[in-house]
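Since the structure comes first, as structure tokens, the remarks are kept for the end.
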Amino acid sequence: MNIKIKDIFNLIKKGQFLKAEQLCEEISDQENTNHEFINIYGYILFKLEKIDQAIEKWKDAINLNPKYFLAISNLGNAYSKKRDFVKSIEYFEEAIKLNPNYFEAQYGIGNVYSKLSNYNKALFYLNNAIKIKPDYMPALKSKVVLLRLMNKNKDALVLSDKLLNINSKDPQLYFEKAETLSSMGRVTESIQSYKDSYILNPDYPYALGSLVYEKLNNCEWDNIELEFDEIKKNLSKGKKVCSPLIATTIFDSAELHYIASKKFVQQIETENNKNLKNKTKKNKLNIGYFSADFRDHAVGHLIARMLECHDKSKFKIFGFYFGTKHKETDRFYKRFKNTFDEFHNIFSMSDEEVKKLSNHLGIDIAVDLMAHTGGEECRLSMFSTRLAQTQINFLGYPGTSGANFIDYILADKLVIPEKNKKFFSEKVIYLPNSYQPSELNRIISNRKLSKKDFNLPENKFIYCCFNSNQKILPSHFNVWMNILKKTPDSILWLLSGNDTSDKNLISEAEKKGVESKRIIFSKKIPIEEHLDRIKLADLFLDTFPYNAHTSCSDCLWAGIPILTKIGESFPSRVAASLLTTSDLSELITNSNEDYENKAIYLANNKSALLKLKQKIESFKNKNPLFNSELFAKNIEKVYEQI
């Protein structure tokens, strides 16, 4: 072997790819007929992110040896990197045809099918790779992820533990185990596994952010402010430290939310997402709504009636559902199936298959109702294939997608003030009133709920908050405790997360000098009962920086005032948007001090509180927030203008 080629191999082993590239350049003329050398050269270029140059080299190697399956498989990897999955699959299939036992090609094509959400084919090829080489760790790790995506969490956990017995120092294995445990609701165990991943590699992508989010779910706040600072510092450096949803939960900064989203979508952005050609003018616009939440879910509660109010003489509406958490008895799921002109369950379809379906149906506008929400049910990658000429981010995620393939975001002038437009990758379209739809005529349980049903005292002022645990940050909890200490005849009524989170919140309250009996928890109950339960409270205390969103709408519908603090970012301005639309701007505060004082004032002034409740009730029937017909007309004007 050429001495310099040996040197190149040594440099590759050391990860010194720039030096290896220089050596390749030096001997490229004398080795220009050596297909193995040219393949190595391509690999080095690939590692240096020079993908197009790597492709040229691998094609040169194949021209010299058309049956050289290594270079052909490498082309599969290159086109996968470019997100040209059709070409990627073609090359992997060719490599496998030439050498069925080449496990790396089996692994490569399995990963492509996983990216396309074609999980059955992905599992088939990953199993092939493992069968050929049982100890091939990349395929085994990919299988853990795939099993979780297929909702086979128990199998994923068994495989994770098996792999950790082989390699107990691998941060990726701990991270994937944590993700699985989190999916199973085993929060305390997932926290430990995220910690293990982070300790082994503090720069492991998304380990710290995921750890913090799970700690918030469990209300475990030890060192959490320091961890917030670390996440902020790493975000500013452009590191993959937290998902966009986590950023919106812990930071009141439109800029940080933008940075987190842009970083997150880099892995799915593509240059091949040009607008489709204008279609011929037709009588109706075809609007496609895409979500995993067409069910008993916050987004489902908000949007159902608006969809029913669409003008079917001008619009044909299509529902594309990719969720798994519904039940056939779910009345919202049934309602959605009856609402859309066509309802398509696309859960088992790949991104490319969804694109073909959407294009075949002639979808003019594709509306993503999730963006970065929904965890592993999120399918933002579908939109990178260009499902329609126009693609919109709306309702589910309170922030920018950060994606070059989403054209617009629907908002209002309060949630996205002019000064914040620069932190949105989409063009901002303002709707009148609030960006959030809702519904006036809701179903309420026939049960006659009383305070006794929830262990609530009859003679105390009841502050409540029914936001989920991760929205309760230590700094804002301190504000709540100050309020309780200054209103001794009050209690705080919260939604129960789990036994651990409840105990942790009680412990934090006691540290602040508030007796445990003044914190009362209630379990989640069906929305029909919850809407009646809210009425037992006196005042809803909002969280910060991630406000009550659907919960705020529910609260106002039930006639209970909600006190909020307005911030600088979309999620910290939603409650203010809903209150402004409801003519209740007096419940919007600008500081912790104002928030505290207003909460205390309303607890001590029954007449002021009663006036607020009467105002909410008298305005309810004319509140634009609950006028689904008006909202439908406003959004239809937007669609027509687009």
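Quick note: the coordinates plus some simple rules give every number you see, no bench work behind them. No experiment lies behind these values; they were computed from the predicted model shown. Cβ placement follows ideal geometry from the backbone for every residue including glycine, while neighbour counts extend to all protein chains displayed.
Using 0.36 nm per residue and subtracting the Cα-Cα separation, the extra length available between Lys282 and Glu640 on full extension is 127.7 nm.
For the pair segment 469-521 and segment 11-30, the centres of their Cα atoms are 61 angstrom apart. Subtracting the Cα-Cα distance of Thr329 and Glu586 from 0.36 nm times their residue separation leaves 88.4 nm of extension gain.
Of Lys152/Lys237; Lys57/Lys82; Lys47/Lys152; Lys14/Lys133; Lys565/Lys611; Lys115/Lys524, which pairs sit farther than 27 Å apart, going by alpha carbon to alpha carbon? Beyond 27 Å between Cα atoms: Lys152/Lys237; Lys47/Lys152; Lys115/Lys524.
The Cα center of segment 211-247 and the Cα center of segment 536-565 differ in position by 25 Å. Computed from the Cβ-Cβ distance with R0 of 41 Å, the FRET efficiency linking Asn345 to Leu64 stands at 0.30. Taking a point 7 angstrom from the Cα of Lys121 along the C-beta vector, which residues in segment 61-90 have backbone N less than 20 Å away? Taking a point 7 Å out along Cα→Cβ of Lys121, the residues of segment 61-90 whose backbone N falls under 20 Å are 72-90. On the basis of the beta-carbon distance and an R0 of 56 Å, Asp311 and Glu90 show a calculated FRET efficiency of 0.80. In segment 1-59, the convex hull through the Cα atoms has an average projected area of 3.5 nm², a quarter of its surface area. A Förster radius of 56 Å, combined with the Cβ-Cβ distance separating Glu56 from Glu225, puts the computed FRET efficiency at roughly 0.65. For the residue pairs Lys215/Lys421; Lys316/Lys421; Lys141/Lys240; Lys284/Lys355, alpha carbon separations beyond 28 Å are given by Lys215/Lys421; Lys316/Lys421. Taking one quarter of the surface of the C-alpha convex hull of segment 285-440 gives a mean projected area of 9.0 nm².
Taking a straight Cα-Cα cut-off under 16 Å and skipping sequence neighbours fewer than 8 places away in the same chain, the aspartates and glutamates within cross-link reach of Lys512 are Glu220, Asp222, Asp502, Glu596. Annotation for Asp161 and Lys503: the two label points, set 7 Å from Cα along the Cα-Cβ direction, are 2.2 nm apart. The modelled label-to-label distance for the pair Asn151/Lys511, using points 7 Å beyond Cα in the direction of Cβ, is 3.9 nm. Axis of helix 298-308 versus longest Cα principal axis of the chain: the two differ by about 80°, to the nearest ten degrees.
For segment 69-84 versus segment 396-429, the inter-centroid distance based on Cα atoms is 35 Å.
Maximal additional length on extending the Ser607-Lys535 stretch stands at 24.2 nm, based on 0.36 nm per residue less the C-alpha distance.
Computed from Cα positions, the angle between helix 254-265 and the longest principal axis of the chain comes to roughly 40 degrees. Toward the positive end of the charge dipole of the chain, with +1 on the Cβ of Lys and Arg and -1 on the Cβ of Asp and Glu, the farthest Cα among Thr324, Ile560, Ile268 is that of Ile560. With each label modelled as a point 7 angstrom along the Cα→C-beta vector, the Asn99-Ile444 pair spans 7.2 nm.
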